[in-house]
1. What are the residue pairs meeting all of these: first residue in region 353-376, first residue free of Cβ contacts under 8 Å to residues at least 24 places away in the same chain and closer than 25 Å to residue 404 by Cβ, second residue open to solvent by less than 40 Å² (accessible area, probe 1.4 Å) and outside any helix (DSSP H, G or I), Cβ atoms under 6 Å, and 6 or more apart or on different chains?
2. Considering each of 267, 283 in turn, give the residue that is at pLDDT 95 or above, crowded, with 19+ Cβ neighbours inside 10 Å and within 25 Å of the chain's Cα centre (by Cα).
3. Looking at region 304-339 only, could you name the residues that are within 16 Å of the ligand (Cβ to nearest atom), among the charged types (D, E, K, R), part of a loop (DSSP other than H, G, I, E, B) and under 26 Å from residue 236 (Cα atoms)?
4. Going by what's in this entry, would residue 68 be described as at pLDDT 95 or above, in a loop (DSSP other than H, G, I, E, B), open to solvent by less than 70 Å² (accessible area, probe 1.4 Å) and of a type outside the set (S, T, N, Q)?
5. Between residues in region 247-260 that are among the aliphatic types (A, V, I, L, M) and residues that are exposed (fewer than 14 other Cβ atoms within 10 Å of the Cβ), which pairs lie under 9 Å by C-beta distance while being six or more apart or on different chains?
6. Suppose we filter region 121-133 for residues that are assigned to a helix (DSSP H, G or I), touching a residue at least 24 places away in the same chain (Cβ under 8 Å) and surrounded by fewer than 22 Cβ atoms within 10 Å (Cβ to Cβ); how many remain?
7. Select, from 98, 80, 34, the only residue that is at pLDDT 95 or above, within 17 Å of residue 152 (Cα to Cα) and open to solvent by 20 Å² or more (accessible area, probe 1.4 Å).
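The values are calculated or read from the model by the stated rules, or taken from the named source; none is laboratory data. Here the structure is a predicted model, which means the values were calculated and not measured. Every residue, glycine as well, gets a Cβ built from its backbone with ideal geometry; the counts of neighbours run over all protein chains shown. With ligands, DNA and RNA removed, areas are computed over all heavy atoms of the protein, side chains included. Shrake-Rupley method; radii C 1.70, N 1.55, O 1.52, S 1.80 Å.
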Amino acid sequence: MKPRITVVGCGYLGATHAVCMAELGFEVLGLDVDAERVTALQEARPPFYEPGLEPLLRKHVENGRLRFTTSYAECADFGDVHFVCVATPQRDGEFAADLTFVDQAVAELAPLLQRPCLVVGKSTVPVGTAERLAPLLADAAPVGDEAVLAWNPEFLREGFAVDDTLRPGRIVFGLPEGPGAPYAEALLRQVYVDAIGNGTPVVVADLATAQLTKAAANAFLATKISFINAMAELCEATGGDVTVLADAIGHDPRIGRKFLNAGLGFGGGCLPKDIRGFMARAGELGAGDALTFLREVDAINQRRRARVVDMAQEVLDRPWAGAKIAVLGAAFKPESDDIRDSPALNVAGRLHLFGAHVTVHDPQAMANARRSWPTLTYADSVLAACSGAHLVLVLTEWDQFREVDPDRLGEVVATRAVVDGRNCLDPVRWRAAGWAYRALGRP
Ligand code: UDX
């Protein structure tokens with residue numbers, strides 16, 4: 001018998017995980033405390049945009065393999081394996097992660113657990129969280145230490161979340177010490193039987209290492225991005241071209257070309273808050289020195305936003321007040337409607353505060369952007385956003401923006417001036433069409 005799965009927290013991570021577990025043949029019950037979200041999911045409407053998610057959600061809601069609830073009691077009753085996928089945002093006014101939702105999920109679920117089961121943390125947490133929660137779980141659960149806690153970090157990327165979940169690059173099992181370990185490992189191997197059968201590497205680790213893996217992976221990715229953005233600063237100082245530099249060093253397989261795209265830098269719900277949470281935790285552990293370099297990684301990243309604003313000022317042929325600016329992109333990256341810590345909206349907001357009239361267009365993130373940044377103006381198409389603009393900024397590298405015809409766009413703008421914040425346009429083509437073209441780290 002396949003284990004029955006529950007997923008606590010149906011955000012970007014949890015909803016995707018629930019849908020993909022159903023696709024892999026499991027009976028799944030998703031829980032969220034937001035009743036509206038549960039209703040939407042139960043009606044096969046994903047609460048966010050993620051390519052490929054909607055058809056799978058529909059398929060498994062219709063065949064009954066996937067259901068959603070707001071009831072922890074129903075979850076406890078249903079599941080053999082409970083995945084905790086709730087958010088761990090940055091604490092207000094601090095670097096540390098806010099664990100309220102993780103703590104709540106375990107506190108709500110534990111007293112209802114009447115039979116042996118595995119609780120699996122997937123949320124990104126400061127190392128030590130699992131060790132703190134395990135005894136709380138066993139103490140509060142009627143079934144005692146037969147409610148076992150393991151950690152199984154998630155590495156999915158938004159925009160590729162379905163594929164990353166169905167076909168992960170690696171699977172990490174963080175197992176507790178003692179008799180719970182073989183039980184946890186056996187159940188996790190059942191859950192991931194297809195991926196393991198397809199050759200996906202499994203790394204079996206202790207709880208601390210598993211929690212650290214996620215933080216370390218995100219810190220490395222953030223560092224790689226900030227490294228190439230630092231090189232972009234040097235390219236600007238010397239007349240070099242960072243895109244060519246990235247190609248040149250990326251051919252070395254020890255370095256690799258991925259995550260060497262210089263530009264406006266990283267945003268989103270993970271990298272920025274995860275590197276800060278990691279620094280905060282290292283400090284608490286007395287190992288703060290180990291991660292001081294992440295301060296620099298963060299600072300380089302923040303400088304990108306300021307640099308794009310400066311560059312816009314350099315190109316703009318008039319004062320900010322009264323200037324019409326088109327911003328293409330609101331999502332923190334393409335193929336997503338997620339605007340959490342979006343570099344694009346951060347720049348748009350700064351220009352608006354300078355007195356410019358800023359019109360934003362994004363293929364998917366308009367509704368979210370409107371809600372969070374109501375003072376900006378929004379347009380339903382690239383041409384409408386750019387109509388009469390004195391300057392166009394491309395700040396999220398959607399294919400729709402890469403494919404824009406500079407001649408056609410040139411007909412609707414007031415001034416042919418563009419800042420390519422993601423190095424995603426062809427400078428030769430845009431300049432040939434009479435545009436003043438500027439980009440980060442490129443002549
Ligand atoms: C990230 C990790 O990749 C993923 O493994 C983890 O589970 C969650 O955090 P995600 O936030 O979805 O995933 O986005 P990612 O593709 O990593 O991009 C993060 C940010 O970095 C985006 O704003 C993106 O535009 C930026 N980026 C990425 C660059 O600026 N340059 C690059 O070369 C790559």
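1. Listed by first residue and then by second, the contacts come to 370/378.
2. Answer to the check: 267.
3. 333
4. Answer is no for this residue.
5. 260/247
6. Looking only at that region, the number is 1.
7. Unique residue meeting the criteria: 80.
Listed here are the residues, each with its yes/no results for (1) crowded, with 16+ Cβ neighbours inside 10 Å; (2) in contact with a Pro (Cβ under 9 Å, 6 or more places away or on another chain); (3) assigned to a helix (DSSP H, G or I).
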residue	(1), (2), (3)
7	yes, no, no
22	yes, no, yes
25	no, no, no
50	yes, no, no
